[in-house]
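**Student:** Take this structure, written in structure tokens, and hold onto it; I'll ask about it next.
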Amino acid sequence: MSYNSIRYAVADGIATITLHRPDKLNAFTVEMMNEMIDAFDKVDADDTVRAVIVTGEGRGFCAGADLSDGPSAFIAAEDTPVRPDGSLDYSRQSARDGGGLVTLRIFRCLKPVIACINGPAVGIGATMTLPMDIRLASEDARIGFVFARRGIVPEAASSFFLPRIVGISQALQWCYSGRVFSAREAKEGGLVSQVLPPDELLPAAIAIAREIADNTAPVSVALIRQMMWRGFGMTDPMDAHKVDSRGILSRGQSADVAEGVASFFEKRPAVFPDRVSTDMPDYFPWWEEPAYS
């Protein structure tokens, strides 16, 4: 797929996805949704990619959904879920929230994802960052879960992600009010880990990605990412113990562990041979992706 609404580049093991509608503050469209999903497919298929940075072109990260078409921005034009009598078919695939399709794809990603929030991030611009692992924000960033002020509700599976990241009380306070708040408040509330001057933002994200790419085993990182995120749904520590045990058992027999131990004793950087595309253990995935209905 060729890209129009985003830019995709890979350099030295780091993929950068740049939202690229700067004249619209990178407002989200169906085209951007499809391109982002395709880009994350590329990320997982490319063993040279060890980490991903998502940022925006120009002075904004993402100003939310492009509302230039009015209320129809929230309803697919083709295969409409609105029946002839005006009732809604909630189970139709076209009823699915486009932001949710993106965040679910990011959730399934096997590489670490860093959000580099370089400017305003509201609506889907904020919620698309929630399944990303590390969020850094520019001092110029402004963030808002503005849905109640537009007569809608939070989307992009944010009712799952946001309370788990910042706690239920903070999540509700931000979503009830729908107000736009500063990067500093986002850090105080636990949404972002660092607030940086604009010219230091991308270098900081690259440094984090570089540390991962240069020092860790790709298969281990892929498993860790899924173990941690999916662990939110566990109801008993025995569930985690089962997954951990299978990970330790399978990785313990791997060429990666032999290399990791050898490099430790030889006091040299490890060169891990296993690849995400071919060497994920046979217990992975240990879940089934739920169907939409």
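**Student:** Check which residues have an amide H placed less than 5 Å from ASP274's amide H, if you skip close sequence neighbours.
**Tutor:** Placed amide hydrogens put ASP256 under 5 Å from ASP274.
**Student:** Separation of segment 141-158 and segment 162-238 by C-alpha centroid, Å?
**Tutor:** The distance from the Cα centre of segment 141-158 to that of segment 162-238 comes to 18 Å.
**Student:** State the percent of C-alpha pairs, over all pairs in segment 6-212, separated by a distance greater than 29 angstrom.
**Tutor:** Tail fraction, whole percent: 21.
**Student:** Where does each of TRP174, TRP287, TRP229 land when they are ranked from fewest to most other beta-carbon atoms within 10 angstrom?
**Tutor:** TRP287, TRP229, TRP174
**Student:** Go through segment 6-15 residue by residue and turn each phi into a ³J(HN,Hα) via Karplus (6.51, -1.76, 1.60, θ = phi - 60°); whole Hz please, and just put x for glycine and proline.
**Tutor:** Karplus-based 3J(HN,Hα) across segment 6-15 equals 9, 10, 10, 9, 10, 8, 6, x, 10, 8 Hz.
**Student:** Taking other Cβ within 10 Å of each residue's Cβ, how do THR129, THR29 sort, fewest first?
**Tutor:** Sorted ascending by nearby Cβ count, the order is THR29, THR129.
**Student:** Taking only the alpha-carbon positions of segment 216-279 and ignoring solvent, what does the Debye formula give for the base-10 log of I(q)/I(0) at q = 0.16 Å⁻¹?
**Tutor:** Computed log10 I(q)/I(0) values: -0.59.
**Student:** If exposed means no more than 15 neighbouring beta carbons inside 10 Å and the site is in a DSSP loop, what's the longest run of the chain without any exposed GluC sites (Glu not before Pro)? It would help to have the intermediate numbers written out before the result.
**Tutor:** On the way: sites that count: GLU78, GLU139, GLU288.
Value returned for the longest uninterrupted segment is 140-287.
**Student:** Something else about it: Tell me which lysines have Cα within less than 23 Å of LYS111's Cα, excluding those fewer than 8 residues away on the same chain?
**Tutor:** LYS42, LYS242
**Student:** Additional query: Compare ASP282, ASP214, ASP97 in a GNM of the chain, Cα atoms joined below 10 Å, and give the one with the largest fluctuation.
**Tutor:** Its mean-square fluctuation being the largest, the pick is ASP282.
**Student:** As a check on your grasp of the helix formula, calculate [θ] at 222 nm for the chain: sum -39500 (n - 2.57) over DSSP H runs of n ≥ 4, divide by the residue count, round to the nearest 500.
**Tutor:** Calculated from helices alone, the mean residue ellipticity at 222 nm is -12500 deg cm²/dmol.
**Student:** How large is ³J(HN,Hα), in whole Hz, for each residue of segment 24-40 in order, when computed from phi with the Karplus curve 6.51 cos²θ - 1.76 cosθ + 1.60 and θ = phi - 60°, using x for Gly and Pro?
**Tutor:** 10, 6, 6, 4, 7, 10, 4, 4, 4, 4, 5, 5, 5, 4, 4, 5, 6
**Student:** Next question, about the same structure. Considering segment 164-222, what Rg and Dmax in Å follow from its alpha-carbon atoms?
**Tutor:** Answer for segment 164-222, Rg first and Dmax second: 15.5, 43 Å.
**Student:** If you count the DSSP beta bridges with both ends in the chain, what percent of them are antiparallel, to the nearest 5?
**Tutor:** Working: 10 of 30 bridges.
In the chain, DSSP labels about 35 percent of beta bridges as antiparallel.
**Student:** So what's the Cα pair-distance distribution over segment 4-71, bin width 10 Å, in %?
**Tutor:** 22, 48, 25, 5, 0
Bear in mind these aren't lab numbers, they're just calculated from the coordinates by the rules spelled out. The shown structure was predicted, so the numbers you read here are calculated from the model rather than taken from an experiment. Quick reminder, even Gly has a Cβ in these numbers, built from the backbone with ideal geometry, and neighbours come from all protein chains shown.
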